[in-house]
1. Out of the residues in region 141-165 that are aliphatic (A, V, I, L, M) and not in a loop (DSSP other than H, G, I, E, B), state the one that is nearest to L107 (Cα to Cα).
2. Could you tell me whether any residue of region 127-138 is within 8 Å of the ligand (Cβ to nearest atom), of a type outside the set (A, V, I, L, M, F, W, C) and within 15 Å of L107 (Cβ to Cβ)?
3. For region 144-157, does any single residue satisfy the condition of being more than 13 Å from the ligand (Cβ to nearest atom), free of Cβ contacts under 8 Å to residues at least 40 places away in the same chain and surrounded by fewer than 22 Cβ atoms within 10 Å (Cβ to Cβ)?
4. So for region 25-39 (the condition being under 25 Å from A185 (Cα atoms), away from the ligand (no atom under 12 Å from the Cβ) and either surrounded by fewer than 15 Cβ atoms within 10 Å (Cβ to Cβ) or not hydrophobic (A, V, I, L, M, F, W, C) (or both)), does at least one residue qualify?
5. For a quick check of your reading of the model, give me the residue pairs whose first member lies in region 90-103 and is farther than 18 Å from F37 by Cα, whose second is surrounded by 12 or more Cβ atoms within 10 Å (Cβ to Cβ) and aliphatic (A, V, I, L, M), with beta-carbon atoms closer than 6 Å and at least 6 apart or on different chains.
6. Report yes if V168 is surrounded by 16 or more Cβ atoms within 10 Å (Cβ to Cβ) and either assigned to a loop (DSSP other than H, G, I, E, B) or touching a helix residue (DSSP H, G or I) at 6+ places or on another chain (Cβ under 8 Å) (or both), otherwise no.
7. Scan region 171-181 for residues that are part of a loop (DSSP other than H, G, I, E, B) and surrounded by fewer than 15 Cβ atoms within 10 Å (Cβ to Cβ) and jot them down.
8. What number of residues in region 81-96 are over 16 Å from the mean Cα position of the chain (by Cα) and surrounded by 15 or more Cβ atoms within 10 Å (Cβ to Cβ)?
Amino acid sequence: MADIAHRVHVALGGRAYDILIGDQLLDMAGPILAERFPGRRYGIITDDNVAKAQLPRLLASLDAAGLAHSEIVLPAGEATKSWPLLGQAVEGILTARLERGDLIIALGGGVIGDLAGFAAAIVRRGMGFVQMPASLLAQVDSSVGGKTGVNSPFGKNLIGSFHQPQLVLADLSALDALDARQFAAGYAEVVKYGLIDDEEFFSGSKPIRLRSLPAARPGARRLLAAVPTRRGW
Ligand SMILES: NC(=O)c1ccc[n+]([C@@H]2O[C@H](COP(=O)([O-])OP(=O)(O)OC[C@H]3O[C@@H](n4cnc5c(N)ncnc54)[C@H](O)[C@@H]3O)[C@@H](O)[C@H]2O)c1
């Protein structure tokens, strides 16, 4: 069993939830969900990149725990955050006959987190959902806070709602599959937190060169693990 390195409680009264951060959490998702949400079924929304890189681990874990699930795989990319693909996700949830008490799992980067969270907010007048952020940006930013939605031809994120997840499960080992550009996009966000209001944290941020990224990852991971407490979650 992998260690859960950090457990951060987001105190929001009736909408409070935990963020679990650690290695190999996708492989442990089954028992974690079974313990926290007994008797639920799961609708997993992901994109085709993440489906290849991460979904098999999650499915194996849910199967081993005897949890019923269905999957909706959308195309990767920002263009997916749209009405048509939101409609596809919603229809997929209804086709799988998931009920109001069942849970949606958002497995992916910020695009999937935003879209799946919004789908959960509107299907059956609101279903619960679990964020399983797979990109660095999603782990340090978009999976927490409850902002969900899709884009419109009039602009980004113009359609949506606030809908808090019931759990965030951030598996650091998922980051190993990111290419250098995706990793750097999230790392820039981490460094920005330090720049804005935490000199000590910023000083701990190491400059990373994209070509030497594998060597930078352990340091980046330690920094990442400190983000929730630094942000006051
Ligand atoms: N809700 C919020 O508070 C909030 C905050 C910041 C950004 N966002 C939104 O987040 C989105 C950007 O998120 P992003 O940068 O994660 O982009 P993304 O979701 O498009 O992911 C980037 C790419 O990485 C791939 N990927 C992600 N995780 C992977 C993994 N573990 N293995 C292999 N491939 C993986 C994806 O398939 C995709 O191709 C934008 O739409 C932005 O508006 C939302």
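1. First, the residues of region 141-165 that are aliphatic (A, V, I, L, M): 144, 150, 158-159.
Next, from what is left, pick out any that are not in a loop (DSSP other than H, G, I, E, B): 150, 158-159.
Details: V150: 16, L158: 22, I159: 21 Å.
Here the answer is V150.
2. yes
3. Narrowing region 144-157 to residues more than 13 Å from the ligand (Cβ to nearest atom): 153-154.
Narrowing the set further to residues that are free of Cβ contacts under 8 Å to residues at least 40 places away in the same chain leaves 153-154.
Okay, now just the ones that are also surrounded by fewer than 22 Cβ atoms within 10 Å (Cβ to Cβ), so 153-154.
For region 144-157, residues more than 13 Å from the ligand (Cβ to nearest atom), free of Cβ contacts under 8 Å to residues at least 40 places away in the same chain and surrounded by fewer than 22 Cβ atoms within 10 Å (Cβ to Cβ): present.
4. no
5. Within 6 Å, the pairs are V90/A119; V90/V123; G92/I72; I93/V123.
6. Working: surrounded by 16 or more Cβ atoms within 10 Å (Cβ to Cβ): yes; either assigned to a loop (DSSP other than H, G, I, E, B) or touching a helix residue (DSSP H, G or I) at 6+ places or on another chain (Cβ under 8 Å) (or both): no.
No: the conditions fail for V168.
7. First, the residues of region 171-181 that are part of a loop (DSSP other than H, G, I, E, B): 178-179.
Listed by number, the list holds a single entry, D179.
8. Pass one, region 81-96, residues over 16 Å from the mean Cα position of the chain (by Cα): 82-96.
Next cut, surrounded by 15 or more Cβ atoms within 10 Å (Cβ to Cβ) only: 82, 85-86, 88-90, 92-93, 96.
Of the residues in region 81-96, 9 are over 16 Å from the mean Cα position of the chain (by Cα) and surrounded by 15 or more Cβ atoms within 10 Å (Cβ to Cβ).
The values are calculated or read from the model by the stated rules, or taken from the named source; none is laboratory data. Small disclaimer: the values here were computed from a predicted structure and weren't measured. Positions of Cβ are backbone-derived with ideal geometry, glycine not excepted, and every protein chain shown enters the neighbour counts.
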